[in-house]
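**Student:** If you scroll down you'll find the structure; I have some questions about it.
The values are calculated or read from the model by the stated rules, or taken from the named source; none is laboratory data. What you see is a predicted model; the values in this text were computed from it and never measured. Cβ coordinates were reconstructed from backbone atoms using ideal geometry, including for glycine residues, and neighbour counts include every protein chain displayed.
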C-alpha cells in the first residue's frame, strides 16, 4: 500500500502531531508499505527523513491554543499538491489536523483516492476558525471518507462543529524505549526524591503552578528536587525569577535534552507531574512516564483523564489548584509502596498504547474505509 501522511506543521520542529506521523511512518515501512510524509519544513536536512516531501519552505509562526503553530500560508500550494498526488499515486491520503491552514485542506480538496483525517486538538473554549469557516469547510467535508479522533476530548471539539462518526484511535507510545532499563543520572541519585516536569515552558503547560506547589512541598520535605526538562516557550525567565525570589533550592532547569537522555530522566525521577491548564487532547507525556514505571500526578482535564486512572496509576488534581497539587505530591513522595504500585499499574496500561497495535488499528481503518467507499452508491 502506498500511503501519504500530511502534516500542516513545520517538520523541522518537533511536536506532538509530527511525532505521531513519524511513528506511523516508521511502523508502516517496517510492515512493507511505501510511505511519503508531506509537510512544510524550514530545514529539510534537520528532519532526518528521506521520505519527506516538502511543500512550503518558509513556514511562519502563529499563536494557537497557548502555543505557536509553524504553518505554511503559501498561495501556490494547489498546483504543488496536484503534482504530488499525480506523481505519487497514493492508495491512501491521511491528513492530520485537516483544517489547520493550509496544506492539509488542499489535499482534501484534490485527493481522488481514499482520504482519512485525524483530529488531534482539544480546546476547552472551542475552535474559532471552525466556527468562522464552517460554511466553506462543509462543502468539502464529504471528501473525508474516514474520520479519526485521538481521544474523546478531540472528538468532542470537532463534533461540536461537524457532527459525524469518528473512530477513536489513540496516540501511541514507544513503550520499549521508556520501559527498558537505563542508568539514571548519578548526580541526582543522592538521597533526594525527584519530581519530573517535562514540556515546553509555555503558559498552558502550567509550570508556575507546579513551582508554587513545590515551594509548599519543599518546606515540608526538604529532601526533594524538581527537574524541569523542556525548551523555553516564553515562560522560563518568569519561572527562574520566581525560584530566585522565593529562594527555592534544588530546582534544575535542564532545558532541551536529547532523545537519548530523555528516558534517563524518567529513570532518575520518583514522580512525574503534569500541571497543564487545558487544551490537551491526549497525554502522550503521561504514557511515556507510565511506560517508565513512574506514578503520575496530572491536572484533571479531559485529555489526561482519558489516560490516567485516578487512584489507580496516578492522581488527578484540579487544574491551577496549587494546594491540591502540593498535597498530591506529598502523598506520593511520602509513600514508596504506593509509588511502586501505581508505577506498576501504569506500566501495564501503557503497554496497550504501544505504537505497534495503534498503527495496526489505523491500517485496519484504512482498509475498512476503502472497502466501504468502493461499495457506496455512486454520488454518495
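**Student:** With the condition kept exactly as written, say whether any residue in segment 188-207 is assigned by TED's automatic domain parsing to the domain that holds residue 217, in a helix (DSSP H, G or I) and crowded, with 22+ Cβ neighbours inside 10 Å.
**Tutor:** Scanning segment 188-207 turns up at least one residue that is assigned by TED's automatic domain parsing to the domain that holds residue 217, in a helix (DSSP H, G or I) and crowded, with 22+ Cβ neighbours inside 10 Å.
**Student:** Right, something else. Looking at (1) surrounded by fewer than 17 Cβ atoms within 10 Å (Cβ to Cβ); (2) touching a helix residue (DSSP H, G or I) at 6+ places or on another chain (Cβ under 9 Å); (3) in the same structural domain as residue 213 (by TED's automatic domain parsing), find the lone condition where residue 360 falls short.
**Tutor:** Exception for residue 360: condition (3).
**Student:** Might you let me know whether segment 119-131 holds any residue that is more than 25 Å from the chain's Cα centre (by Cα) and assigned by TED's automatic domain parsing to the domain that holds residue 370?
**Tutor:** No.
**Student:** Would you mind finding the one in 49, 43, 36, 70 that is assigned by TED's automatic domain parsing to the domain that holds residue 369, modelled with pLDDT under 95, touching a strand residue (DSSP E or B) at 6+ places or on another chain (Cβ under 8 Å) and over 25 Å from residue 133 (Cα atoms)?
**Tutor:** Working: 43 fails: touching a strand residue (DSSP E or B) at 6+ places or on another chain (Cβ under 8 Å); 36 fails: modelled with pLDDT under 95; 70 fails: over 25 Å from residue 133 (Cα atoms).
Of the residues listed, the single one that is assigned by TED's automatic domain parsing to the domain that holds residue 369, modelled with pLDDT under 95, touching a strand residue (DSSP E or B) at 6+ places or on another chain (Cβ under 8 Å) and over 25 Å from residue 133 (Cα atoms) is 49.
**Student:** Inside segment 1-33, can you point out the residues that are in a loop (DSSP other than H, G, I, E, B), within 22 Å of residue 62 (Cβ to Cβ) and touching a residue at least 60 places away in the same chain (Cβ under 8 Å)?
**Tutor:** Across segment 1-33, the qualifying residues are 7, 8, 10.
**Student:** A further question on this structure: Name the residue that is nearest to the chain's Cα centre (by Cα), counting only residues in segment 213-234 that are surrounded by fewer than 18 Cβ atoms within 10 Å (Cβ to Cβ) and free of Cβ contacts under 8 Å to residues at least 60 places away in the same chain. I'd like the intermediate steps shown before the answer.
**Tutor:** Applying the first criterion (surrounded by fewer than 18 Cβ atoms within 10 Å (Cβ to Cβ)) to segment 213-234 yields 216, 219-223, 231-234.
Still in the list and also free of Cβ contacts under 8 Å to residues at least 60 places away in the same chain: 219, 222-223, 231-232, 234.
On the way: 219: 34, 222: 33, 223: 32, 231: 15, 232: 17, 234: 19 Å.
Ranking the qualifying residues of segment 213-234, first place goes to 231.
**Student:** Among the candidates 149, 121, 154, single out the residue that is at pLDDT below 95, in contact with a strand residue (DSSP E or B) (Cβ under 7 Å, 6 or more places away or on another chain) and more than 17 Å from residue 4 (Cα to Cα).
**Tutor:** Numbers: 149 fails: at pLDDT below 95; 121 fails: in contact with a strand residue (DSSP E or B) (Cβ under 7 Å, 6 or more places away or on another chain).
Selected residue: 154, the only one of 149, 121, 154 that is at pLDDT below 95, in contact with a strand residue (DSSP E or B) (Cβ under 7 Å, 6 or more places away or on another chain) and more than 17 Å from residue 4 (Cα to Cα).
**Student:** Right, here's the next one. Where the second residue is modelled with pLDDT under 70 and the first is closer than 14 Å to residue 281 by Cβ and lies in segment 115-129, which pairs have Cβ atoms under 6 Å and are six or more apart or on separate chains?
**Tutor:** Listed pairs, sorted by first residue: 123/65.
**Student:** Turning to a different aspect of this structure: State all residues of segment 235-267 that are assigned to a helix (DSSP H, G or I) and surrounded by 12 or more Cβ atoms within 10 Å (Cβ to Cβ); if no residue qualifies, say none. Steps first, please.
**Tutor:** Filtering segment 235-267 down to residues assigned to a helix (DSSP H, G or I) leaves 236-245, 262-267.
Answer for segment 235-267, where residues must be assigned to a helix (DSSP H, G or I) and surrounded by 12 or more Cβ atoms within 10 Å (Cβ to Cβ): 236, 238, 239, 240, 242, 243, 262, 263, 264, 265, 266, 267.
**Student:** Return the residues of segment 288-300 that are buried (at least 24 other Cβ atoms within 10 Å of the Cβ) and not in a helix (DSSP H, G or I); say none if nothing qualifies.
**Tutor:** 292, 294, 295, 296, 297, 298, 299, listed by residue number.
**Student:** Then there is this: For segment 302-380, please list each of the helices (runs of 4 or more DSSP H) lying entirely inside it that holds at least 2 residues being modelled with pLDDT under 95.
**Tutor:** In segment 302-380, the matching helices (runs of 4 or more DSSP H) lie at 302-305, 355-375.
**Student:** Under the condition of being within 15 Å of residue 54 (Cβ to Cβ) and touching a residue at least 60 places away in the same chain (Cβ under 8 Å), which residue from segment 85-103 is surrounded by the most Cβ atoms within 10 Å (Cβ to Cβ)?
**Tutor:** 103
**Student:** Out of all the residues in segment 159-173, is one or more surrounded by 15 or more Cβ atoms within 10 Å (Cβ to Cβ), part of a helix (DSSP H, G or I) and at pLDDT 95 or above?
**Tutor:** Taking every residue of segment 159-173 in turn, none turns out to be surrounded by 15 or more Cβ atoms within 10 Å (Cβ to Cβ), part of a helix (DSSP H, G or I) and at pLDDT 95 or above.
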